[in-house]
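One structure below.
The values are calculated or read from the model by the stated rules, or taken from the named source; none is laboratory data. All of these numbers come straight from a predicted model, not from anything done at the bench. Don't worry about glycine lacking a Cβ; one is built from the backbone with ideal geometry, like all the others, and counts go over all protein chains shown.
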Amino acid sequence: MSSKKSVKPTAKEPIHLPSKEFSAKARIPSMAAYKKLYKESIEKPDKFWAREAKELDWRKKWDKVLDWKAPFVKWFAGGKLNVCENCVDRHAKGARANKAAIIWEGEPGDKRVITYAQLHRDVCRFANVLEQRGVKAGDRVLIYLPMIPEAVVSMLACARIGAVHTVVFGGFASEAIVDRLEDSGASMIITADGGWRRGKIVALKPAVDEALKKYKGVKSVIVVNRCNNPVAMQAKRDTWWHEETAQVSAKHTAKAFDSEHPLFVLYTSGSTGKPKGILHSSGGYLTGTYSTTKYVFDMRDEDVYWCTADVGWITGHSYIVYGPLANGATQVMYEGAPNFPDFGRFWKIIEEYGVTIFYTAPTAIRAFIKAGDQFPAAHDLSSLRLLGSVGEPINPEAWNWYHQKIGGGRCPIVDTWWQTETGAIMITPLPGATPCKPGTATMPFFGIDAAILDDSGKECKADQDGRLVIRKPWPSMIRTIYGDKDRYKKTYWSDYPGLYTAGDGARRDKQGNFWIIGRLDDVLNVSGHRLGTAEIESALVAHPAVAEAAVIGRPDDMKGQAVAAFVTLKGKYQESPELREELRSHVGKVIGAIAKPDDLHFAPGLPKTRSGKIMRRLLKELVTTGKVSGNITTLEDFTVIEAIQKKISR
């Protein structure tokens, strides 16, 4: 959820205060109210989080709120609940039964409205399907679907029976599926014939078929017919969603699971080639997403909420599925691209459904700015009362455009910082209380003890750059890296004993606002999607023409970061525009289109130290400034930099 795109504090940016009208109705109406609750949440976390958790339905109350033996934690130890019951049943059986849970729109324009009562029936049916296909509590189920309601139903049905879901973004290729299957040991896949994107069908089932040539552990594949796209169906293994759900009951009795029962594994890029399986559990994660949704979005029963993320990412998990549904929200879900058939699509949806809360990425906002003001100006956006930003820091220019052109100057903006690993929002304005300055995520959420430390572990002074850490445990935090506790400890807890290291640089201004500078490791943030440089390098080196590769991120006004690759070819291969495109396409096939290098430079060699380490910082200097001014005395071959510089400047 973080970015390398640096947003620097500037005295020129005005402070935006919440309006008196908004604050008067807000859950947290003032900074005094925020400070009082925040103080309690830090000094008496057991009391604060117990009160939040009591708003959920528990089958058995916990014995202990917090059991902390760094870096391993248990929240609400001994408590039992069912996550799906909290998101569906308690609304479907109460006053919200006929309230819309999901207002879905497909890219071609087809629409569905699913009430909580209907969602309950759909989830119960699919839970019965899963059990009939032999899925048990603790089994892993891989979900590879477009942005359709069946994705939400699949996740909730897994949670209902205690199966552990691992959702794979529909833009990833078959190799990414294989990696996640092998690591998770999943025995079932839920997929679709395809999904719609920019007027074309993006096929999904063929990627699953290709992956299953290499991984033999999947016993069952359930396929949603979304596009009437012809697919190959393997007898006994592959079945159609609509046929399976037609044969089962719409009633299902949910079982209670321990608060620490694993809910899902979500894979995210690391600084090594192997993706990290981030494991989240049940009670703590649900409490964190429920609480942040309630306070950060100031959620009310009459709101129409829209988060534009994909369920394949953590934002979709926390702020499309679990957080909003636990709050009984009505939300919009859209399948396709923001610019199909043109850049007015989002604004048309907001106008048509009366969206009141809109949560999107700075990448999208910058694309809207470039497309032109005429698109939002053509639609009535007066229903909006709150805007949100997620995925990377939002630059002040984009913040101001968003505030004026989309929010009409009246809507607070919650610029949120968090990560796959944190599970829920960590640093954020509270819309009725926090004075906002464009470019800063402002203050920590309740219970989040955030600090910025220097390399020696000393807390940094105001406006001094350092490493962002969290000093106390929080309910929605990562429990471990799936199957690799040692990697979990080394990755997140080794820099400063007992403290969670976010991997982001940050600074704090004199008012106490946090400014996120960007990633400190080899992870890129491209359009809000985390990509490991090592993964892209591995994909390039897997091509027979490539001897070595180095990948870095360069600043990009639209994406936040663009992927720049430097490639050294094997002796018998010649540089050519055709080979450049072949290598770019190869990365797209191995990882997914999002990872295709924007720039691919052929290099006679890569800048290395005498010990053989590639000096990527020098490559980054070259692509951003056109020259190298840093220290190069440790280079083994000084001529490499000059040769690369000449190629880039052509």
Would you tally the residues in region 550-566 being farther than 11 Å from THR624 by Cα and basic (Lys, Arg)? 1
Checking GLU210 against (1) surrounded by 13 or more Cβ atoms within 10 Å (Cβ to Cβ); (2) farther than 23 Å from VAL311 by Cα; (3) among the acidic types (Asp, Glu), only one condition comes out false. Which one? (2)
Subset of region 164-203 [of a type in the set (Lys, Arg) and closer than 10 Å to LEU142 by Cβ]: ARG180
Whichever residue in region 433-477 is of a type in the set (Gly, Ala, Ser) and not in a strand (DSSP E or B) and, among such residues, is surrounded by the fewest Cβ atoms within 10 Å (Cβ to Cβ): SER456
Do you know which residues across region 103-120 are farther than 17 Å from VAL83 by Cβ and either crowded, with 18+ Cβ neighbours inside 10 Å or within 24 Å of the chain's Cα centre (by Cα) (or both)? ILE103, TRP104, GLU105, GLY106, GLU107, ILE114, THR115, GLN118
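Can you tell me which of GLY316, GLY277 is in contact with a strand residue (DSSP E or B) (Cβ under 6 Å, 6 or more places away or on another chain), at negative phi and small (Gly, Ala, Ser)?
Sole residue among the options that is in contact with a strand residue (DSSP E or B) (Cβ under 6 Å, 6 or more places away or on another chain), at negative phi and small (Gly, Ala, Ser): GLY277.
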Out of curiosity, is VAL587 among the hydrophobic types (A, V, I, L, M, F, W, C), buried (at least 18 other Cβ atoms within 10 Å of the Cβ) and in a strand (DSSP E or B)? no
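May I ask you to verify whether ALA337 is assigned to a helix (DSSP H, G or I) and of a type outside the set (Phe, Trp, Tyr)?
No; evaluated as a whole, the condition is false for this residue.
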Just one of (1) assigned by TED's automatic domain parsing to the domain that holds LEU387; (2) closer than 30 Å to ALA502 by Cβ; (3) in a loop (DSSP other than H, G, I, E, B); (4) touching a Lys or Arg at 6+ places or on another chain (Cβ under 8 Å) trips up GLU260, so point out which. (1)
Is at least one residue of region 142-151 aliphatic (A, V, I, L, M), in a helix (DSSP H, G or I) and without any contact (Cβ under 8 Å) to a residue 40 or more places away in the chain? no
Note on region 364-381: residues in a helix (DSSP H, G or I) and touching a residue at least 24 places away in the same chain (Cβ under 8 Å) are ALA364, ILE365, ARG366, ALA367, PHE368, ILE369, LYS370, ALA371, PHE375, PRO376, ALA377
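Which one of these is closer than 18 Å to GLY316 by Cα, touching a residue at least 40 places away in the same chain (Cβ under 8 Å) and crowded, with 23+ Cβ neighbours inside 10 Å: GLY171, GLY162, GLY195?
Of GLY171, GLY162, GLY195, the one residue that is closer than 18 Å to GLY316 by Cα, touching a residue at least 40 places away in the same chain (Cβ under 8 Å) and crowded, with 23+ Cβ neighbours inside 10 Å is GLY195.
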Which numbered condition SER527 misses (of (1) touching a Leu at 6+ places or on another chain (Cβ under 8 Å); (2) among the small types (Gly, Ala, Ser); (3) buried (at least 18 other Cβ atoms within 10 Å of the Cβ)): (1)
Just name the residue that is farthest from SER476 (Cα to Cα) out of those in region 51-66 that are among the aliphatic types (A, V, I, L, M) and within 27 Å of the chain's Cα centre (by Cα). LEU56
Conditions (1) under 20 Å from GLY195 (Cβ atoms); (2) assigned to a loop (DSSP other than H, G, I, E, B) -> MET299 fails only (1)
How many residues of region 351-363 are surrounded by fewer than 21 Cβ atoms within 10 Å (Cβ to Cβ), part of a helix (DSSP H, G or I) and either without any contact (Cβ under 8 Å) to a residue 60 or more places away in the chain or among the β-branched types (Val, Ile, Thr) (or both)? The answer is 2
At least 2 residues that are in contact (Cβ under 8 Å) with a residue 60 or more places away in the chain in each: list the strands (runs of 3 or more DSSP E) lying fully within region 34-116 that qualify. 64-69, 72-77, 100-105
Of everything in region 478-517, what is surrounded by 16 or more Cβ atoms within 10 Å (Cβ to Cβ), of a type outside the set (Val, Ile, Thr) and touching a Pro at 6+ places or on another chain (Cβ under 8 Å)? Give them in sequence order. ARG479, TYR488, TYR492, TRP493, TYR500, ARG507, ASN513, PHE514, TRP515
Could you check, for region 293-307, whether at least one of its residues is modelled with pLDDT under 95 and either within 25 Å of GLY432 (Cα to Cα) or under 21 Å from the mean Cα position of the chain (by Cα) (or both)? no
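Those residues that are among the acidic types (Asp, Glu) and within 18 Å of GLY162 (Cβ to Cβ), I need them from region 61-85; list them, please.
Matches in region 61-85: GLU85 only.
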